[in-house]
Amino acid sequence: GVGLGVYHSGIEVYGREFSFGYSDDGSTGVFEVPSKCAAGVMPSITFKESVVMGTLNRSRFELDHLLQRLAKKYRGDTYDLVRRNCNHFANELCVCLVGKKIPGYINRPANMGRVLLNTIQVPALAFGKIMDGVKGGGKRREHSDGREGP
């Protein structure tokens, strides 16, 4: 398969699953649920599989300290489906815990979407600047210091 499914991911450690999602109140988007129970928070998802990523050599205290740091970094209002989603969080947490990235197929649709948006965004920004120039009619204006120019 090409691996174009849309996936939610979390990292399971010590029987707890950690992930990241949207919230609009400025609080963290990092949340915890019992392992394989994310559907309780997000009813539209279905558990598919667990992928063993490695062995954790950190205490629960060290894990909690790391999660507190990431919780500050991953505020819920910074969630973006293609640029900063649960898979980006899971990847960063996994790298911090076991030194490995999550499998590439998990965030492939978001990565493809980001490339597409960036491809569209650059011409759109250039077009916007051209339109600003057209709207200004190429008129010269006087600045507060008396000089003329755009």
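The values are calculated or read from the model by the stated rules, or taken from the named source; none is laboratory data. Predicted model, so just to flag it, every value in this text is computed and none were measured. Reconstructed Cβ throughout: ideal geometry from the backbone, glycine too, with neighbour counts over all protein chains shown. Note: accessible area is taken over every heavy atom of the protein model, side chains too, but ligands, DNA and RNA are not part of it. Shrake-Rupley method; radii C 1.70, N 1.55, O 1.52, S 1.80 Å.
Descriptive notes on the structure:
- Residue in the stretch 76-84 that is closer than 15 Å to Y14 by Cα and either touching a residue at least 60 places away in the same chain (Cβ under 8 Å) or among the hydroxyl-bearing types (S, T, Y) (or both) present: no
- For the stretch 49-66, the candidate set comprises residues that are without any contact (Cβ under 8 Å) to a residue 12 or more places away in the chain and not in a helix (DSSP H, G or I); within that set, the residue that is nearest to A90 (Cα to Cα) is V52.
- Test result for R108, at pLDDT below 90, over 16 Å from H8 (Cβ atoms), out of contact with any strand residue (DSSP E or B) (no Cβ under 8 Å at 6 or more places or on another chain) and basic (K, R): no
- Picking from residues in the stretch 67-107 that are part of a helix (DSSP H, G or I) and of a type in the set (S, T, N, Q), the one that is most open to solvent (accessible area, probe 1.4 Å) is Q68.
- Test for G26: is it in a loop (DSSP other than H, G, I, E, B), at pLDDT 90 or above and small (G, A, S): no
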